[in-house]
1. Collect residues whose amide H, placed 1.01 Å from N in the peptide plane, falls under 5 Å from the amide H of B:ILE3; neighbours closer than 5 in sequence don't count.
2. Please identify, among A:ALA192, A:ALA140, A:ALA55, the residue showing maximal mean-square fluctuation in a Gaussian network model of chain A using a 10 angstrom Cα cutoff.
3. With an 8 Å cut-off on Cα pairs and a minimum separation of 6 or more residues, tell me the relative contact order of chain A in percent.
4. Describe numerically, in nm with one decimal, the distance between label points set 7 Å from Cα along Cα→Cβ at A:GLU9 and at B:PHE68.
5. Looking at region A:184-269, which GluC sites (Glu not before Pro) are DSSP coil and have at most 14 other C-beta atoms within 10 Å of their C-beta?
6. Using just the helices of chain A, give the 222 nm mean residue ellipticity in deg cm²/dmol: DSSP H runs with n ≥ 4 each add -39,500 (n - 2.57), and the total is spread over all residues, rounded to 500.
7. Can you give the three extents of the C-alpha atoms in region A:1-111 along their principal axes, from longest to shortest, in whole Å?
8. Where Lys and Arg each count +1 and Asp and Glu each count -1, what net charge lies around B:PRO86 among other residues with Cβ under 9 Å from its Cβ?
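Every number here is computed from the coordinates shown, using simple stated rules; none is lab data. Small disclaimer: the values here were computed from a predicted structure and weren't measured. Neighbour counts run over all protein chains shown; Cβ positions are idealised from the backbone, glycine included.
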Amino acid sequence: MSLPLLTPEDIRRYHRHLIIPEVGSAGQRKLKGAKVLLIGAGGLGSPAALYLAAAGVGTIGLVDFDVVDVSNLQRQILHGTSWIGKSKVESGKAHLTELNPEVEVIGHEEPLTSDNVRRIFEPYDVILNGCDNFPTRYLANDAAVFMGKPLVDGSIFRFEGQATVYLPGKGCYRCLYPDPPPPGAVPSCAEAGVLGILPGFVGVVQAIEAVKLILGIGESINGRLILFDALEMRMREVRIRRDPECKVCGDNPTVTELIDYEEFCGMPHRESSVERALDDDGEAAPGTKAA
Amino acid sequence: MAIKVLIPSTLRKLTGDQSLVSLESTTVGGCLADLDAQYPGIGERLRDEEGEIRRFVNIYVNGDDVRFLEGPATPLKAGDEVSIVPAMAGGS
């Protein structure tokens, strides 16, 4: 596939990239031709989306079906006060386009489910995970493994963050955590709180890793789980290995197609029985709704 | 001999807000038992009813997951760093 050419305006806009030997004109064209999907336009998705758009990633997809709430604005810097009550995807499009009109922003205003994940992931080169719940984490992982897509993962809790990159054939989220915690065992950010600035750090780590993958430069954090503690201002790492016994990416996988991730995580289906009765599909979706 | 155990923030209310605990344990299993003896309640957060390390909590010795070492039997020596890293899902 031939990469898009840079326009004179691109050359002015990306000057500080073009003069770095590791990026240069060839790298900037790779960014312009790249398609990155962000799962969630929230705490992690906000800084990642803004920096990826600023950096000139040509196509950015946003998966989110939520609307902006005033309590999001303590950390979700992709949105603003005048967008309260409005769609996060639309707010994201408006802010990213204002930052960089050359970026194509594609909205996927629907919960990510086993039914739509393949369609949504298909056009993208890199998936950046900023979701807020275990069912969506396992869903995104399994879909990325089955589709051979790199997954740039991040998660946050109060003052702590985790980030890593899963590359096809080199281990996955299930190698790290084979089973989800029972519901309620791990409090969400909505229940436990999060320092508003923390997702800025972790989301930017994810954006950097996505750009490194696109450019093919540096050392990926694949195989390393980065642990960030803002209170102690310390970054440590532990090793992630591909588990030969992994149910999804191991030598003899037993999970070879997408499953019901709400059930896998021991959750009652999120949509009420009334809504389910109204919806013949009855597919309760692991969402990307704000925690 | 002393080993260092790094406590994640989710469990620090059980350790009196300490993020680092020093123990004299000689195996990972012993370390978890010693931790529970010193800070009652922490054990059940880390191991299930059968005593297995919970699948959503990882224990690392010097950065290596004990599931790929010798599990609870993994030996510890002075200066080793044991990290407890529970799964976290937050992102928004």
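1. Result for B:ILE3 returns B:LEU23, B:GLU24, B:SER25, B:GLY79.
2. Its mean-square fluctuation being the largest, the pick is A:ALA192.
3. On the way: 597 pairs, mean separation 58.4, N = 291.
Averaging sequence separation for qualifying contacts and normalising by length gives 20 percent for chain A.
4. 4.7 nm
5. On the way: sites: A:GLU191, A:GLU209, A:GLU219, A:GLU232, A:GLU237, A:GLU245, A:GLU257, A:GLU262, A:GLU263; in loops: A:GLU219, A:GLU232, A:GLU245, A:GLU257.
Qualifying residues, ordered by number: A:GLU219, A:GLU232, A:GLU245, A:GLU257.
6. Values: 12 runs with 98 residues, N = 291.
It lands at -9000 deg cm²/dmol.
7. That gives 42, 26, 20 Å along the principal axes, largest extent first.
8. Working: positive: B:ARG45, B:ARG54; negative: none.
After counting each charged neighbour, the total is +2.
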